[in-house]
Structures are given as structure tokens and as C-alpha cells.
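The block underneath contains the structure these notes are about, expressed in C-alpha cells.
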Amino acid sequence: LGGFRATPAPMKPCRVTRAMCDPPADPSRVPWWERGVIYQIYPRSFQDSDGNGVGDLNGIGRRLDYLVELGIDAIWLSPVFPSPMADFGYDVSDYIDIDPLFGSLDDFDRLLAAAHERGLKLMLDFVPNHSSDRHPWFIESRSSRDNPKRDWYIWRDPAPDGGPPNNWISDFGGSSWEWDEATGQFYLHAFLKEQPDLNWRNPEVRAAMMDVLRFWFDRGVDGFRIDVLWHCIKAEGLPDNPVNPDFRPEMGEKLRVLQTHSTHQPECQEMAADFRQLADNYGERLLVGEIVLPLDQLITYYGRERPGVHLPFNFQLVEAPWDAAILRQLIADYEATLPPGGWPNWVIASHDYPRIAAKLGEAQARVAAMLLLTLRGTPTLYQGDELGIGRVDIPPDRVRDPKELREPGIGLSRDPSRTPMAWDGSPHAGFSNADPWLPLHDDWRTRNVAAQEENSGSMLSLYRDLLRLRRSEPALSIGSFQLAGSADYVLAYERRYGESRILIALNLTGTERPISVPPGQLLLSTLGTAPPSGWLRPDEGVILRLGAR
Ligand code: GLC
């Protein structure tokens, strides 16, 4: 059994951020999004208020006090704009309105005001890469080759053999090109054919989309999560993508080629910088970019010559094996690679990825919660993870995710992560008074908010305790970060702010592990009680105070 020494090695030379090098004397002067915790709401599945089995804005409004009690700072809503729902809102047919399924603009304004009254920030989901094929822009664009909006989307003649213009593959499988009989050309879609890609090289498109951001900023939204930012601009000439030499069919068809020319062009960062410039005109508004790229490419979205998004989403914990040595290296590399002034962020799950408790089991999901909420950087929680919702089997006749419907049976389905919140033990778990659009998790009668609120050992209580501790300890929210020890099974690190030193030690295994730490006061254990001296119990994470406050 390998133990570790938590005696800190010398601090890394300080190169990262103000908070790391020279924490401000007054933590409240740090931007809200550096201190804060983001909570992702998938609106279809949070709370239904009108009895149609689909969540809505008024439903969210009813649950704001729950979110305050939970202890988060900002809500990010997955898209609520008018949409034919081919990709459940990520196919927008009007960027400046609310889909009647979710409510109205008035409902939105009320929700925003109610959130702000409670000190919560509210962020929307901006979907710039593609619109719906029912968006009036696309309807015009496809109406004729000489329509003024033709060039708002990406239209090309067939290849000489009559097939698609190049070999690009949609992220949902199949060619990225759809033939339009009426005008005799193909249009590009990185996702569904119902989601045609906008042409961001056209200044009119850029101007129209900047107006969309202004519309919502003027209404008071606190920021945006920007959907598939790295997809938005394609290489000039649209060359074929290289074939992926490591492709195996079970990976999903999108990986048949490497997305070298269809994504991550330098102009994507220019777009981010333009968005940032606009956001900065409105004061402290947050831009989070959805970017799924290797670290060296990801960090370019913080900006080069000009600032880019505040937080390029960091999905590394979602992808990485649950292994202390690997996570340790990943965290060290991330911290070391951040550009000066770049604030870190961490994600463990979302509406696109498997639930953390499905992936790790409940006991390690508790350890993961502790990790997420004690690393240096802004955490994003995904709704329902605070209940430990685990694996959900979706019966074949209830599958809704277009990704699963197009490439069934290879584990791509996102439905299991999108099932409704369970609020209590009443019919349909208090989510709705009708049958929900996706089934609830099997154990919803016991795994729901009301039941877990009563139980100090529940996942919900752990999340609340973690969030409360994080809020009361600047060391945990904005303090410096340093890895401790070197054990294979235990991930340990120290956070410091002023005189305060807090050690986090996480046993990532189901076997007890020895640890060696200086004497400290236990602030929290994932198992509730203090561990035996010198040991972490199976699946235990602890937070210890080492220094004086
Ligand atoms: C993003 C969204 C995902 C959606 C896709 C296309 O990855 O998170 O849900 O299907 O973009 O918009």
C-alpha cells in the first residue's frame, strides 16, 4: 500500500492568475463567475408547470428557492428558444423569442427578475453554428440560388461524381451534406439535416447574431454558454478531412474522419473575441464556450491577441479514466497550460454525457462531487447529479435522442442523462402531473429531493455541505492550488488563501488506503464521520483544515 506525504512540496512558481499569485484582500472583488458555481438546467426535464409532461420556465421559477438552498450561484439554461425540437432545442427557429412549450418572453423576464432577486445569475445557451431548417433565414436561403440569404448558409455544387462536395461526416452520423432538389445544391450540416450550418464568413450573419446577443444582454441575462464554438468556421475551400486511421465502428460514425478542416479554425477564436468584446460592454457578463478539443487547442479559446471566452469548458474529467495518477497528471497539466489570466473550470457531466453516478457508482460519485467542488476553478454541476441519479434504462419505444435513433445500440444515447428531476414521492415525482416526456429513474420514489433533504447522509446533503463550505472558505473558491503527495490511489491537493490551508484527500478506490497528513481539523468527509487516523476508508474523500484561519 503506497501512502503519500501531504507535506507540501514548494509552491510552483506563480504564473497563472491573480487569484493564484496575489489573491485579493477582499474576495467579493473577484468576478462572480470565478467565485461561483454554475448549475445546468435541462429545461425539458426540470419542472413542468402546465401538465404536458415537459418542463418549462414557470416550473423553473417554482424551484428557484431549491437552487438557493442548494447553494449554487448561476443557472445555465439549455435552449428555450422556438424550435421544432429535432435536437431538443439545439435547432433554433427564432433566436429572440421563447418556445411556447417553455412559456413566453414575459415568463422569461419574470424568471430572470426572480432569479436576480435571489442573487442568482441566469445564463442562456447561444447556438451560433447552426439554426433550424425552419428558421426564416434558412427558408429564404433555400428558396432560390439568388436569394439574398443564400450565402447565409453553406451551399455547394455536387462533386464531379454527383455525390456530396466532400467527405465530412455529421456528428450524428452520415454525410454532413444534404441534397436540395429544388435548387440543385447540397447544404452543410455538422449535426442533423434539420440543423443547417450558418456561414460565419458572411458579415451579415455575424451582424445578425451579434444583434441576438445584444437582445438578451439588454434584457439582463448574465451570460451565455456558446454551443459548439469550435465548429463555427470551416477551412476555406472545404477540403476533405483526413481519414481517421484508428476508426472503429463502435466509436460512432463521426470518428471515421478527423475533423481537421471542419472545426477549430483560427477564425473561431476571432468570433470568440468579438463576442467577448460585446459582452464586456455590458459589465460582468460571462461567456462559456463549449469546446471539445485537446488541452493545447482548448486553451487557445481564452484568446490570443484579444480576450476570448472567459471559460472554455474543460471536459477532461468527463473523458478521463477514474484513476488517481491519471487525474493528478491531468490536473497538473491543465494548471500548467492555462494562459496568464486564464481562470480554470471543471465539468463532470452534462446533458450530452453519461451521469456521473452511472459511470462511477454512487460511492465514487460522492468523491467526484468533492473533487468537482474543491478543485481550483469554476465548477459546472448538472441537474440531478446532486441526487446521484445513476443508470437509467430507456425502453426502446421511449427513445427520443436523435443521436441514438440514427446510430442505435452503440451507447451514444443521451436520453439516460436527460430524464426528469425527481422532487418528491408523489405521482411523476412532482415533476409533472402528466406522464413525463422521458421516463423517471427506477428508484425515484426514494431518490428524490424531498427524501434526500430529510437524510443527512444523502447525496443532496453532501452537495449542500460542499457548496456551503466552498462559499464560506475563500481558500476553496479562489485560493491557490497545489498537488500533494504521490500515491497511486489517493488524489490529494491543498488550497490556500491567506493564512488558511485546506487539504483535500480523495480515495478513488473501494479499498481503504493509508494517508499521512499533518494534524488537521476535519471539515467534511464523504462518509459523514471522521476517518481513522492515518487512513481513508473505501470511497472516502475528506476536507481538512491545516492552517489557522
Ligand atoms: C452541443 C449540445 C448538444 C447538441 C449539439 C448540436 O454539443 O450540447 O446537445 O446536440 O451541440 O447543437
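The values are calculated or read from the model by the stated rules, or taken from the named source; none is laboratory data. All figures in this text were calculated on a predicted structure; none of them were measured in a lab. Glycine also receives a Cβ, built like all others from the backbone with ideal geometry; neighbour counts cover every protein chain displayed. Each accessible area value is taken on the protein alone, full model and side chains, heavy atoms only, with ligands, DNA and RNA left out. Shrake-Rupley method; radii C 1.70, N 1.55, O 1.52, S 1.80 Å.
Beta bridges from DSSP with both residues in the chain: antiparallel share about 60 percent, rounded to the nearest 5. With each label modelled as a point 7 angstrom along the Cα→C-beta vector, the T260-S516 pair spans 5.0 nm.
Each residue of segment 304-317 was assigned a 3J(HN,Hα) from its phi angle through the Karplus curve 6.51 cos²θ - 1.76 cosθ + 1.60 (θ = phi - 60°); the sequence is 10, 6, 10, x, x, 6, 5, 10, x, 3, 10, 8, 4, 5 Hz, with glycine and proline shown as x. In terms of its alpha-carbon gyration tensor, segment 457-496 comes out oblate; a/c meets the 1.5 threshold, while b/c is at least as large as a/b.
Solvent-accessible area per residue in segment 208-313 equals 41 Å², computed with a 1.4 angstrom probe and all protein chains kept. The largest accessible area among H264, H441 belongs to the first residue in H264, H441, and the rest follow in falling order (1.4 Å probe, all chains). Of the accessible area of segment 457-515, computed with a 1.4 Å probe over protein heavy atoms only, carbon and sulfur atoms account for 44 percent.
Computed with a 1.4 Å probe over protein heavy atoms only, the accessible surface of segment 347-434 comes to 31 Å² per residue. When only Cα pairs under 8 Å and 6 or more residues apart are kept, what is the percent relative contact order across segment 98-152? Dividing the mean separation by the residue count of segment 98-152 yields 16 percent. R537 contributes an accessible area of around 60 Å² to the protein surface, as traced by a 1.4 Å probe with all chains present. Note on F315: accessible area approximately 20 square angstrom, rounded to 10, probe 1.4 Å, nucleic acids and ligands left out. Spatially, segment 25-79 and segment 267-283 are offset by 24 Å when compared through their Cα centroids.
Per residue, the accessible area of segment 485-549 comes to 41 Å² when a 1.4 Å probe rolls over the protein heavy atoms.
Projecting label points 7 angstrom from Cα along Cα→Cβ for L105 and D180 puts them 2.8 nm apart. Cross-link check: pairs K359/K403; K121/K403; K193/K359 evaluated at a Cα-Cα cut-off of 24 Å; pairs beyond the cut-off: K121/K403; K193/K359. The candidates S132, S143, arranged from most to least accessible area with a 1.4 Å probe in the full protein assembly, appear as S143, S132.
Just the protein heavy atoms count here, and of the accessible area of segment 106-262 at 1.4 Å, carbon and sulfur take up 51 percent. Of the peptides 173-181, 204-212, 538-546, the order by per-residue mean of other Cβ atoms within 10 Å, starting with the highest, comes out as 538-546, 173-181, 204-212. Segment 110-131 and segment 187-242 have Cα centres spaced 19 Å apart.
Accessible area per residue (1.4 Å probe, heavy atoms of protein chains only) ranks E404, E362 as E362, E404, with the largest value leading. Relative contact order of the chain, taken over Cα pairs closer than 8 Å and 6 or more residues apart, is 17 percent.
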